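Only one structure is covered here, and it is reproduced in the block below.
The values are calculated or read from the model by the stated rules, or taken from the named source; none is laboratory data. Note that the structure is predicted; figures quoted are calculated from it, not measured. Ideal geometry is used to build each Cβ from the backbone, glycine not excepted, and the neighbour counts take in all protein chains shown.
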Amino acid sequence: METLKVGVIGLRMGYGHVKAYAAQEGVEVVAVCDKDEEKLQQAVKEFGCDLATTDGEELIAREDLDIVGVCTPDHFHAPLTIAALKAGKHVLCEKPMAPTWQECLDMVKAADEAGKKFMIGQSYRFNPTYAAVKQPVAEGRLGTVFYVESQYWNNLEGIGGVGNWRNDPNIRHPFLGGCHALDLTRFIAGNIVEVTAVANHLAFEAQPTDDCITAHLVFESGAIGRALVSSGCKCPFSTTLSVYGTKGTIDGGRICLADGKEKKNWQFEELSKPDMPPPIDGETAAFVKSIRDDTTPPVDGRNGARTMAACFAVIESAAKGGAPVKVNNDF
């Protein structure tokens with residue numbers, strides 16, 4: 001088996017990626033990049049990388065690299081991804097894909113032109129908690145899905161990132177940071193065609209954008225749903241996913257299936273979680289497999305961009321006081 005050589009840019013989020021790649025057979029992490037020299041030296045010591053640089057362009061220019069992992073703050077995703085694709089590398093880029101819709105389109109175009117694999121790191125799709133929800137839906141046990149809902153609660157007070165970039169409205173809106181919620185609804189029900197959203201700015205005053213956003217969603221399938229993101233909530237981090245179908249319901253990690261016409265004895269049973277590796281391990285392994293098998297990555301550029309198209313539509317609708325906004329899925 002040919003060894004695939006990997007370089008990872010950004011070692012805060014990217015450390016988990018480096019560790020996951022290094023654990024795979026036939027994969028070697030040979031280059032790392034970060035502005036923090038201490039993190040670089042730690043990676044060299046732990047994983048034996050022979051290139052440690054503070055310059056992403058230097059890493060991308062390395063000729064023997066097969067894969068580049070882009071795990072930087074959001075506003076570096078597009079330029080680094082596009083540069084790596086143009087240099088002939090396969091790219092796995094962390095979510096959210098990019099701060100602007102045009103950048104998302106540019107990334108998709110660059111992957112098309114390069115003919116390389118491009119994947120967005122929607123790691124929740126590789127989490128056994130949500131894979132356990134997807135499986136009975138995919139098997140048809142819930143019948144036709146008519147409603148799906150996900151909520152993402154994450155208090156970001158005091159978590160601004162280097163240079164406070166997470167609280168810069170030109171870089172990240174909380175709904176983009178919390179795109180897991182909306183992506184999970186797409187994971188279950190498919191493409192979203194229209195949204196209406198409302199928001200407020202009451203819980204996290206130091207953040208310059210709305211900190212609680214709730215969106216009603218209309219799916220191409222005819223299903224409807226809701227996605228909520230809060231960045232100022234006063235509670236522990238959590239994400240929920242509920243699915244309602246014509247034959248059954250999944251809520252709170254439990255499943256309830258219809259039993260004939262008797263409606264007095266509804267009983268929920270715990271969902272059986274599949275035996276899966278940790279999400280980042282599964283995500284990187286799936287990307288490597290797509291390269292070896294020459295297949296489409298599980299969340300390729302277009303799939304990832306369709307999640308972002310819906311996110312940008314939510315932000316636009318909230319800014320317009322809840323006006324309906326169509327979602328662009330045709331690109």
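For this structure, a couple of remarks:
For (1) over 23 Å from PRO279 (Cβ atoms); (2) among the aliphatic types (A, V, I, L, M); (3) part of a strand (DSSP E or B), each residue gets a yes or a no:
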residue	(1), (2), (3)
GLY16	no, no, no
ALA20	no, yes, no
GLU25	no, no, no
GLN42	no, no, no
ALA52	yes, yes, yes
LEU65	yes, yes, no
ALA98	no, yes, no
CYS104	no, no, no
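- Within segment 29-38, considering residues that are outside any loop (DSSP other than H, G, I, E, B) and touching a Gly at 6+ places or on another chain (Cβ under 9 Å), the one surrounded by the fewest Cβ atoms within 10 Å (Cβ to Cβ): VAL30
- Hits in segment 151-176 (condition: of a type in the set (D, E, K, R) and buried (at least 20 other Cβ atoms within 10 Å of the Cβ)): ARG172
- For segment 153-178, a residue qualifies if it is of a type outside the set (S, T, N, Q), within 25 Å of GLN102 (Cβ to Cβ) and not in a helix (DSSP H, G or I), and the qualifying residues are GLY161, ASP168, PRO169, ILE171, ARG172, HIS173, GLY178.
- Check on TYR147, in a helix (DSSP H, G or I) and modelled with pLDDT of 95 or more: no
- The set of residues in segment 132-144 that are of a type outside the set (S, T, N, Q) and part of a loop (DSSP other than H, G, I, E, B) comprises GLU139, GLY140, ARG141, LEU142, GLY143.
- Screening ASN200, ASN265 for residues that are within 29 Å of ALA305 (Cα to Cα) and either out of contact with any Phe, Trp or Tyr (no Cβ under 6 Å at 6 or more places or on another chain) or surrounded by 17 or more Cβ atoms within 10 Å (Cβ to Cβ) (or both) leaves exactly one candidate, ASN200.
- Residue match in segment 177-196 (condition: over 30 Å from LYS35 (Cα atoms), in contact (Cβ under 8 Å) with a residue 60 or more places away in the chain, of a type in the set (A, V, I, L, M, F, W, C) and surrounded by fewer than 18 Cβ atoms within 10 Å (Cβ to Cβ)): yes
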